[in-house]
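Nothing in this text is a laboratory measurement; each read-out follows from the coordinates by a stated rule. Note that the structure is a prediction, hence the values are computed from the model and not measured. We place every Cβ from the backbone using ideal geometry, glycine too, and count neighbours over all the protein chains shown.
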Amino acid sequence: SCYFMNTARRQGVGGEGSRGVSTPHGGGIYRPVKDEISMVRIHPSSSLFTVSPKWIVYSQSTFTSKAYVQIASAIQYDWVKDLLPRLTDCDDEKLAGCSLEVLRQKTIEEKKQQMKTLAEQRQLMVKKQQHRSLVRSSRN
């Protein structure tokens, strides 16, 4: 599911769908309505990458060399225009249940743990392959 506070408008697109800036390569650059300074892009693995809708709502951002969103839905401006003024009243820390810095640190720690788990799984697979190779060679 996506979160209302993660509503974003494709850069160059006005409120009611004025002529937009589309990119021939897909993805587009989006500005979250809650934070007009930030920019996010639709990740190339997303089904919306080649569509580049004018408005999206997304559930999470992934940060590599750029900020990407993968889980996103295309929306119509008319669906959210009456709700957009409420975004300035949202208390992100209250919604998150902790400070945003603590939430950021938790996210970083979770990513580190995921990477560690993936590395351990890879090592285990390599060991299994080595063991299979040894068993095959001993049979010959």
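A few remarks follow.
- Excluding same-chain neighbours fewer than eight residues apart, the lysines reachable from K128 by a Cα-Cα span under 25 Å are K112, K116.
- In this structure, the residue pairs whose Cα-Cα separation is over 31 Å, taken from K54/K94; K34/K111; K66/K127, are K66/K127.
- For W55, net neighbour charge (Lys/Arg +1, Asp/Glu -1) across residues whose Cβ lies under 9 Å away: +3
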